[in-house]
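The values are calculated or read from the model by the stated rules, or taken from the named source; none is laboratory data. The structure presented is a predicted model; accordingly, all values stated were derived computationally and were not measured. Note: ideal-geometry Cβ built from the backbone for every residue, glycine included; neighbour counts use all protein chains shown. Note: accessible area is taken over every heavy atom of the protein model, side chains too, but ligands, DNA and RNA are not part of it. Shrake-Rupley method; radii C 1.70, N 1.55, O 1.52, S 1.80 Å.
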Amino acid sequence: MAVCLISPRHRPSAWTYDYAVPFLQGAKRSWMVSGALVAVAALVPQPHTVELVDENVQPIDLEDLQRFDVIGVTGTVAQAERIFQILDDLRSLPATIVVGGPLVSISEQSFTGRCDVCFVGEADETWPKFLEALAAGEPVEARYEQADKTNMTTVPVPRFDLVRSAHYQLAPIQFSRGCPFQCEFCDIITVFGRRPRTKTPDQVIAEVEALRASGFRLCFLVDDNFIGNKVEAKRLLRRLVDWQRANGFPLQFSTEASLNLAEDPELLDLMHQANFRQVFVGIESPRAASLTETKKHQNVGRDSLLTRIARIRDGGLVINGGFIIGFDNDDLQIFEEQFEFIQASGIANLSMGPLIPVPTTPLFDRLKREGRLDYSDPEINYIPKLMTREQLKTGVQDLLERLFEPEVYFQRLFDGYAGSPEFRRRRAAVTVRPRPVQRLGQYAFAAVTAVRLARAMVADGSVRKHAAAVFTVRARNRSLDADSRMDFPTLVGVWLSYWHFYKVARSRRAIVFEPVLESTSGSGQPAIVPAAS
Ligand code: B12
Ligand code: SF4
């Protein structure tokens, strides 16, 4: 059989750097390869063939899709509108239409009548079995859900060979699934469970080799929580350190981890040695009562949040933060409190959204019991306790815009950078000095990028305030000692990432109110539910 897997175009969102990608070197079209596409492709058994269509890098050609026997569509809530449009288009084709991935896993009712077969949750065992049965002409089910969670030690190397590295900035590797914590709003633990399951270091090394052979230099470890099992994470890191040393540090890593990373200096040190550069951390709220209410107990520790953030930065990692507003303990003061906290944290890049009761989560069930799910507002699907929905929406939106004003953004970025000599020392230790000719190339490219960025700001009508910020940034940079100053290419890179967040914060529906799944509340009302932050 000929199998095709599609990842639909996504809306601009915080972590997909949509507004920065057009400025990147080379023919980059998308920030990151879809982890699902390459993993699900690897599960297609021989002798069936598989091709990938990532709509974020190439258009979907319906004519061409006529030649496939099975077409699978994946996607998250950030792709929801497009998933449904594509499924409608695919109905006219002869292929068996299949859907899997994070969106269908939390809202399968929305897909009723829109596909032939759906896969809820992990599909490492069910998907190959389904293909074999279909090829043999045996009966197949309309719905598959694995009885047991996947044994990660059996998962094959993703098919990185099916994507063009030139089109992407970074590629995914997944070491573990699941997270030991119990945050009330989280659908990770309802879909993937609370016992982290890991691959072996040998498996990951094989993936790292395959990824490198495909031409990638940046890798995102797409774990729900990379340190969910610290013992196994350290075992892997030791192997990665050896591999990086033996191969001249060909890869830079980033990942997602819980805040208790700050409590393990050995782990932080191993990450630094293995060339980890960034980590996303769900901080959610500076308010302890809100964290406790949402069972994010790991964030309410002996040491303050700011102390722990500083410790991770001192470990050499840039922290990307996730924040949520709208907990039952959040009153109108929370907006100012979040602002003050984020400014003090030195976390430059962050996503912030209203609390969202996602189907399958304990939060969703609790609010349903309390009669507080309400789909009459297409953007906020519950009744907050200490503010109105309108206050929540405008409060989050105003806060986002404020946080990504140029002066505000660069102030916290430089405060974080200047405030951690240890970060700067560790960064200097892993920075490879380019040869003079490479350096010249970097400066030339940075100069062209700076001009293109300035043009984009003119077109956007925001050039005046940005021109003012250029002088502040220059002055802040010069106030650092000579060894710590960012060079011109680094500064342009920082501006690019700022530009993405500036734009996304102002494109209201892009970051705050993700669309669209029809109600799974059981209320019978057709409805729209926004995405998790
Ligand atoms: C890495 C990651 C990212 C990365 C990269 C995304 C990418 N390009 O792949 C970055 C940082 C860019 C990112 C951004 C965002 N993310 Co994200 N991200 C993840 C994370 C941690 C891992 C995804 C991954 O690669 N998994 C590895 C693959 C192999 O696993 P999988 O997708 O689950 O696939 C398995 C099954 O689902 C199934 N399957 C999947 N597809 C298909 C298709 C077929 C045909 C079949 C048969 C089976 C099948 O088989 C696979 C093997 O078992 C997930 C959490 C998670 N565990 O899902 C969140 C997650 C997907 N992200 C989420 C969100 C909300 C976002 C953002 C909107 C955040 C924001 N506010 O900006 C953006 C939107 C990005 C986008 N455009 O899609 C949500 C989605 C919620 C939902 N239920 O839809 C998740 C689930 C996290 C959460 N609970 O909040 N994300
Ligand atoms: S730490 Fe993150 S992944 Fe783990 S339960 Fe909490 S929100 Fe979910």
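Note on the stretch 383-438: among residues that are of a type in the set (Val, Ile, Thr) and part of a helix (DSSP H, G or I), the one that is farthest from GLY346 (Cα to Cα) is VAL437.
Within the stretch 316-342, restricting attention to residues that are within 22 Å of the chain's Cα centre (by Cα) and not β-branched (Val, Ile, Thr), which residue is farthest from ligand 2 (Cβ to nearest atom)? Among residues in the stretch 316-342 that are within 22 Å of the chain's Cα centre (by Cα) and not β-branched (Val, Ile, Thr), the one farthest from ligand 2 (Cβ to nearest atom) is GLY316. Considered as a group, the residues in the stretch 20-44 that are in a strand (DSSP E or B) and open to solvent by 40 Å² or more (accessible area, probe 1.4 Å) include one that is farthest from ligand 2 (Cβ to nearest atom), and that residue is TRP31. Considering the conditions (1) assigned to a helix (DSSP H, G or I); (2) crowded, with 21+ Cβ neighbours inside 10 Å; (3) not β-branched (Val, Ile, Thr), PHE323 is excluded by exactly one of them, (1).
Restricted to the stretch 97-107, and to residues there that are at negative phi and in contact (Cβ under 8 Å) with a residue 40 or more places away in the chain, the residue that is most open to solvent (accessible area, probe 1.4 Å) is PRO102.
So that you can scan it fast, the table gives a plain yes or no per residue for (1) within 12 Å of ligand 1 (Cβ to nearest atom); (2) open to solvent by less than 20 Å² (accessible area, probe 1.4 Å); (3) free of Cβ contacts under 8 Å to residues at least 24 places away in the same chain:
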| position | (1), (2), (3) |
| --- | --- |
| PHE119 | yes, yes, no |
| ALA123 | yes, no, no |
| ARG143 | yes, no, no |
| THR150 | yes, yes, no |
| ASP161 | no, no, no |
| GLY178 | yes, yes, no |
| GLN182 | no, no, no |
| CYS186 | yes, no, no |
| VAL191 | yes, no, no |
